[in-house]
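One structure is given here, and the rest of the page talks about it.
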Amino acid sequence: MSYDVLVVGGGLAGLTAALRLPASYRVAVLAKGESADGATPYAQGGVSAALDTADSVEAHVEDTLSAGAGLSDPATARFIAEGAQDAVEWLLDQDVPFSRTAPGNGTDNLHLHREGGHSHRRVVHTNDATGLAIAQRLHDAVCKRDNIDLLEDRYAIDIITGARLGERVNRCYGAYAFNSRSDQVELLSAPFVVIATGGASMVYLYSTSPYAATGDGIAMAWRAGCRVANLEFNQFHPTCLYHPQDRSFLISEAVRGEGGRLVLPDGARFMHRFDERGELAPRDIVARAIDHEMKRHGIDCVYLDIRHKGEDFIREHFPTIHGRCMKLGLDMAKEPLPVVPAAHYTCGGVVTDLSGRTDVPGLYAVGETTYSGLHGANRLASNSLLECLVMGTAAARDIGATTPVRRGEALPPWDESRVTDSDEQVMVTHNWSELRRAMWNYVGIVRTDRRLERAARRTALLTGEIREYYSHFRVSGDLIELRNLVEVADLMVQCALRRRESRGLHYTLDFPDPDPAFAAPTILVPTRPRPFSHLRGD
Ligand code: FAD
Ligand code: SIN
């Protein structure tokens, strides 16, 4: 299977890149399940864009840098904020039905939500199901394009590069991918590969993210020879629904943006004790405050109360959240919703420049899987979808302007001659849950050196076991994900151990204050990749 461009990931970043490439290019888009299995369709709040007449790109940049706590790159923040108008117009061209204050076209009368950390109303949305509306329209657009093959049920395993084939120059040539329908590993060759695999929040026991968020792209890029950065900064969303039948449903920040109040079981508000912005403080502050109050009072959750806005307002602005909660027997117009923080977003990832280029020629990365410099020590709400749109476009433009380099010789096919079918699937499921529990307990909202060291020992042990298993047995979807999850967990712990201060999302009791000596991203540099051993990456 030979393409001009292989896009690994069918979320907003991947679909934007695919659709923005020249129509003369043969493109394949891979997704592990259906293309909509990533975080994109789950996005509720929306896309940040300084469109209000009282707002400005300048203010958007300032809010982004302020949330990033000194670690966002100002040039990246400006590049992405400046790209917002074009990004929203492009989505309107794709017929995304954004909510409006009055009927019309263009960006003039779009309804803008307010969210934490934003100094203005700035969030373009489709009620409270923005990601779903975007994902559906882009999926339809991709299906109409003759030059794009959507290859679902494909798990990319490893990027094929020069170094992994024993060559001197470490250039990208394609990828191996497991087809879960046929149980075969396929060889996909392409001079350009775009990694758009989303985040790694599944490394934690409790998460708002879908199952696909196993950090595959970060692990693949690292093994291929790319630097990764800032993986200690994992965003915990303050308000995930706390309900035994639904442990990962997000209650959008827009609920607080529109007046929702956080309260203790006795109805007392507490956020103003932690930050003068109250419920609209950035997420790291709100999540930590909730964690603190839960531990102080020994309670399982706090409550989000928006009853004072009235049933009509709630149904109009939050139909999805209202409907889902009603199904669970909770009427948010009549009672406060039980909420807890949960892992939500991976701020760090594969290091890229402003064209989405990684350290390996021909290999690009876009979206949540990256560290572009935008998010710094914390991500401003609704900046992620925007980053996917702007960086997906930038990567497509750069690829369109770059001469492809193809390998003269054919690429070697995947070799399964030395592996057998697994007889111990229990090892995979057991290690999955052990890893996620260890990360939740030791690398969570509040950290200490001792907890991080404990996590490092656990990940080292699990890494050894999983490598051993991987080298003996045929791959499966679960095994591919587990191998990546443990790799990314280890990189997260390494990053966290290096940051001997508290900043943004990284809070440690051993160093509770920011330290100017650490006012730079944490960058991990891989060793030169070893050639594939019998083509299995082990
Ligand atoms: P994703 O949308 O996660 O897509 C990843 C794709 O990669 C999937 O198709 C997956 O199958 C594929 N993939 C992964 N690994 C492999 C592999 N090995 N082989 C092949 N394919 C692979 N951000 C905002 O800006 N605004 C919001 O309102 C907002 N709300 C959110 C609500 C929730 C509940 C969550 C979880 C996140 C929210 N975010 C929001 C964050 C935002 O949705 C994500 O950061 C963004 O959608 C990521 O897009 P992506 O294209 O990078 O990855
Ligand atoms: C939300 O709607 O609260 C999520 C917004 C985001 O993650 O940016």
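The values are calculated or read from the model by the stated rules, or taken from the named source; none is laboratory data. Being a predicted model, the structure only gives us computed values, none of them experimental. As a convention, Cβ positions derive from the backbone with ideal geometry for all residues, glycine included, and neighbour counts pool all protein chains shown. Side chains are part of the model used for accessible areas, which takes the heavy atoms of the whole protein and leaves out ligands, DNA and RNA. Shrake-Rupley method; radii C 1.70, N 1.55, O 1.52, S 1.80 Å.
Annotations for the structure displayed:
- Residue among 196, 163, 229, 156 that alone is under 26 Å from residue 523 (Cβ atoms), surrounded by 22 or more Cβ atoms within 10 Å (Cβ to Cβ) and either of a type in the set (Asp, Glu) or out of contact with any Phe, Trp or Tyr (no Cβ under 8 Å at 6 or more places or on another chain) (or both): 196
- None of 250, 264 is of a type in the set (A, V, I, L, M, F, W, C), open to solvent by 10 Å² or more (accessible area, probe 1.4 Å) and away from ligand 2 (no atom under 16 Å from the Cβ) except 264.
- The condition (being in contact with a Ser or Thr (Cβ under 8 Å, 6 or more places away or on another chain), at negative phi and of a type outside the set (D, E, K, R)) is satisfied by just one residue among 380, 330: 380.
- Residue identified as in contact with a Leu (Cβ under 8 Å, 6 or more places away or on another chain) and away from ligand 2 (no atom under 16 Å from the Cβ) among 52, 63: 52
- Within region 118-141, the residues that satisfy the criterion of being open to solvent by 20 Å² or more (accessible area, probe 1.4 Å) and within 19 Å of residue 54 (Cα to Cα) are 119, 120, 121.
- Taking the criterion of being within 16 Å of ligand 2 (Cβ to nearest atom) and either more than 20 Å from residue 236 (Cβ to Cβ) or assigned to a loop (DSSP other than H, G, I, E, B) (or both), the residues of region 378-410 that qualify are 378, 379, 380, 381, 382, 386, 388, 389, 390, 391.
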